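Below is one structure, written out as C-alpha cells; the observations come after it.
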2 protein chains.
Amino acid sequence: MVEELDPRKKRILQAIIQEHIISASPIGSRTLAKKYNLDVSPATIRNEMADLEDLGYLEQPHTSAGRIPSDKGYRYYVDQLISRKKNEVPGIIENTENLYQDLQDVQDIISGMAKMLSKMTHYTAMASEPKSQVSRLKKVEIMQLADNSLLLVLVTDTAMVNNKIINLDQSLSTAKISYLNKFLSEKLENKLLANLDSSYLKEVEKELLAKVDLSVDLFKQFYNEFEGAFEPGGVKVYLGGTSYILEQPEFNDLEKVKKMLKLLDQEEMLNKIINSISGSDLEIKIGQENEVEDIKNCSLVVATYYISERAVGKIGVIGPTRMEYPRVISSVDVISDILSKLISKASG
Amino acid sequence: MVEELDPRKKRILQAIIQEHIISASPIGSRTLAKKYNLDVSPATIRNEMADLEDLGYLEQPHTSAGRIPSDKGYRYYVDQLISRKKNEVPGIIENTENLYQDLQDVQDIISGMAKMLSKMTHYTAMASEPKSQVSRLKKVEIMQLADNSLLLVLVTDTAMVNNKIINLDQSLSTAKISYLNKFLSEKLENKLLANLDSSYLKEVEKELLAKVDLSVDLFKQFYNEFEGAFEPGGVKVYLGGTSYILEQPEFNDLEKVKKMLKLLDQEEMLNKIINSISGSDLEIKIGQENEVEDIKNCSLVVATYYISERAVGKIGVIGPTRMEYPRVISSVDVISDILSKLISKASG
DNA sequence: TGTTAGCACTCTCCTTAATCGAGTGCTAAA
DNA sequence: TTTAGCACTCGATTAAGGAGAGTGCTAACA
C-alpha cells in the first residue's frame, strides 16, 4: 500500500499539497513549476502528476482541471513528508501559570483549553471530560444547607467536582448527617466510579439501613437522589470556535454548513467522534478514515491528555481534510501537554 | 405615534404580516385577495397598502415588489393584533417533575430549559444565570481533599454552587480548617454577593489574621484563591439551538450567518444583549428597537424568571424580525414559568 | 530513455443579454 | 369609493459567448 516514491515525486506531491492547503483549489503544472523551483518543465511535472494520480495520491476534479490531493495523498504527506517535532508556539507556554489563576475548575480548564486551541489553529476544537471509568471517587460529603435541604458534593481524583442539591420532605438531624458522611466515606471513597454501579449501591444501602435508624421514606428519597448523581450519562464534550468552519472554503455551501453545525450540536455525536479515536498519543484521521459517516470529508487531529500518567481524556481539532497539518499537529501537541499539566495540578 | 387604524387596514396589515411570516417574501395585493377573503379587489388593497406604507407600517423592497412589514408594523401587530394569552403548549408542563429528576444543578436546569425553548420555537434560545447582585451567600465551606488540597464550596440562595480546588504548598491542620469554616461562615454567610467586594474581604482578612495563628504565606495563598472565587466576571449565558438560525431565509447569506454566529460566540455580547432588556415581565424588542448594533435586524422575546418572587434572570429567544410572535410569546411565557418553578424548587 | 516545446482540446467560471413574471401606480369607468 | 385595465418596473432565471487555466498527446531533442 505504501510504495516508496522517488524523490522527485515526493517533492512534487509535497508541493501540490502545500499549495492546495493555501489556495484550496486544484493545482496545475504551470503554477507548480513557477512557484516551486523544481528545475523541470511543466510537461515533466504533468507526467509525474499523471503517475501520482495512477498511484492514488492525487485526484482530478474534472478532465481539464489541476490536481488535488486524495486522502491517501494527505496520509502520505502526514506520515512521510512532514516532521512531527513540536514546534515552538511562542507566548503560550509562558502564560500557563497565569492561566490557571483564572480557571475555576476542571470543566473551565478543559473548555478554556479547547477555546485556546481553536484560536491557535482557526479550526473548531473539541475536548472531552475525564472518563469516569478511570476516575476514583476521592471525596463524598453531605453538607446541610437549610432545614430540609442538603448539598451532596462528590470529588474525583481527576478533580471533577459534582454537586447536587437535595431537597427532602423532612429534615435530617446533624448527628445522622455526620454518621452518613462517615459511612458513605468509608464505603465509597477511593473506589473506581465504574464500580459504583447500582448493584453495589444497593448493597451499601442494605448495610446502611441495618445499622442506622432512619425514616425509610426519608432515606429512600435521599438515596434516589444520591444514586442519580452517579449515573454516567456520557462524558461531556466541550467545543471551541464553532464559527471557524464558516471560514473554510469547503464549507461555502450553506447546506454543508448546516449539516456540520447540526452535527456539532449533538453531544452524542461528539462523543462518538472523539471516542472513535483509539488510545494512541496523537492520532490523525483523514477523510474516509473516519468512522462517523458525516465527517468523512473532514480530518481530525486528536491527542490524549493525562492525569499523572493516566490517560483520561482527549483534545483535538476538526477541520477540512485540507488542513494545515504541521501547524495543527504541533498546536494540539502543545495544548494537550499544557492541559495535562494544568489538570494534574488541579487534581493535586 | 400609534394612530388608530380603521378595521380594514388592521385586517390587511395583519394578513400581510401573517403571510409574510410564512413565506418570508414580499406580499402582493393579488395573493392577499386570493388567500384571505377580504371581500375587496386587489386594486382596493393596493390603495390601502399604499396608505399603510405612508403611515410607516409597511415597506417596499423595490418599486415593483409587494410589501413587507416594517419594524413599526410588527410592533403594531404585537401590541394590537395578537392576543397574548398563554396558549397551551401541550405535553410540556406535564413533564416538569420528571425533568427535574434528570437535572443535576441550576446550571443544568437553565441550559436545559434554553435547549427546550429552542426546540419548541425553532429559534435560538438564550438564558442567563441568576444575577449575583441579588444572590446571597448561603453557605461557605472548606473541605479537605488531601494533605495540601482543599475544596472550597460556595452556595448561594439562588442555588448556584461554586467549587474551587485550592492547592497549597503546605498543609493546613484540621483544627485550623474547622476554625476557618466557623469564622468564614459567620462573616460571609447571608451576605449579598454584591457586598462581598474586595474591600470587605480585606477587612475580614485583617480580623482573621489578628485572631488566628496562621503561617502568613500559606494564608496569603489560600486567601488569594478564595478571593478569586468571588470575582463576578459577568453572568454566564446559556445558548440553545444555535443552528436554527441557518433555517431562516433571512440568513441565506453566508456572510450574515458568519456575523451572527461570531456574535453568539462572544459571551460578553450575549450579556450585553440580554441585559439590554429592562425589568419587565415579558419584553419584545423588534429590529431597530434593539440597542446592540449587530442585532438590529433581529427580534428578541425575553421573559424574566424568578426565585420566590425575586427577579433573578432572563430567558428568551432571538430570531429574525419576521418571527412567529404568537407562538414564540406563549412558549417563552410557559418556559419562563417552568424555569421559575424548577429553580425555586432547587433552591429550597 | 527521459525531458521538453507545441498545440488542439476540455471544462469551469464570469459576463452580458434576453426573457419571464409578479406586482405596482395611474386612469377612467362603474 | 371601488374596480378593471394597462403600461411600466425590477428582480430572478436562463442562455450564450468568451476568457482562462489546464490537460494529454505528439514529436523533437539531449
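None of the figures in this text is laboratory data; all of them are computed from the coordinates on show. Everything numeric in this text was worked out from a predicted model, so none of it was measured. Here the Cβ is made from the backbone with ideal geometry for all residues, glycine too, and neighbour counts use every protein chain on show.
Miscellaneous remarks
- The tail of the calculated P(r) for the range B:132-176, taken as Cα-Cα distances beyond 11 Å, holds 67 percent of the pairs.
- Ordering of B:147-153, B:183-189 by burial proxy (mean other Cβ atoms within 10 Å per residue, highest first): B:147-153, B:183-189
- Under the simplified labelling scheme, the A:L201-B:R327 pair shows an inter-label distance of 3.9 nm, with each label point 7 Å from Cα along Cα→Cβ.
- Average partner coverage of A:335-343, which counts Cβ from other chains inside 10 Å: 0
- Within the straight-line cut-off of under 18 Å between alpha carbons, the lysines reachable from A:K10 are A:K34, A:K35, A:K72, sequence neighbours fewer than 8 places apart in one chain being disregarded.
- log₁₀ of I(q)/I(0) at q = 0.19 Å⁻¹ - the range A:169-310, Debye sum with one point per alpha carbon: -1.13
- Filter on A:K131/A:K259; A:K164/A:K236; A:K164/A:K191; A:K138/B:K236 - keep pairs with C-alpha separation over 23 Å: A:K131/A:K259; A:K138/B:K236
- Percent of alpha-carbon pairs separated by more than 35 Å within chain A: 40
- Degrees separating the helix A:42-55 axis from the principal Cα axis of chain A, which is the longest one: 40
- Remark on the protein assembly as shown: hydrodynamic radius 29.1 angstrom, per the Kirkwood mean of 1/r across alpha carbon pairs.
- Environment charge at B:V237 (Cβ cut-off 11 Å; Lys +1, Arg +1, Asp -1, Glu -1): 0
- For the pair A:D105 and A:K182, label points projected 7 Å from Cα toward Cβ lie 2.8 nm apart.
- In terms of surrounding Cβ atoms within a 10 Å radius of their Cβ, A:V212, B:V302 rank from fewest to most as A:V212, B:V302.
- Separation of the range A:245-306 from the range B:4-78 is 46 Å, based on Cα centroids.
- Overall size of the range A:130-221 from C-alpha positions, given as principal axis extents largest first: 36, 27, 18 Å.
- For the range A:272-344, the number of Lys pairs with C-alpha atoms closer than 16 Å, counting only pairs eight or more positions apart or on separate chains, is 6.
- Within the range A:11-59, none of the trypsin sites (Lys or Arg not before Pro) combine a DSSP coil assignment with at most 14 other C-beta atoms in a 10 angstrom radius.
- Angle in degrees between helix B:254-265 and the longest Cα principal axis of chain B, rounded to the nearest 10: 30
- Given charges at Cβ of Lys, Arg, Asp, Glu: the protein assembly as shown dipole, positive-most of A:I338, A:S178, A:M143: A:I338
- What you get for chain A, charging only the Cβ of Lys and Arg (+1) and of Asp and Glu (-1), is a dipole of about 640 debye around the Cα centre.
- Computed log₁₀ I(q)/I(0) - Debye formula, equal Cα scatterers, no solvent, the range A:22-90, q 0.15, 0.17, 0.28, 0.29 Å⁻¹: -0.57, -0.71, -1.32, -1.34
- Helix B:325-346 and the longest principal axis of the C-alpha atoms of chain B enclose an angle of approximately 20°.
- When peptides A:202-211, B:74-83, A:335-344 are sorted by average Cβ neighbour count within 10 Å, with the highest value leading, the order is A:335-344, B:74-83, A:202-211.
- Volume per residue that the Cα convex hull of the range B:280-348 spans, once the total is divided by residue count, Å³: 80
- Starting from the label point of B:E207 at 7 Å along Cα→Cβ, the same points in the other copies fall at 4.4 nm, in ascending order.
- Relative contact order of chain A, defined on C-alpha pairs under 8 angstrom at six or more residues apart (%): 20
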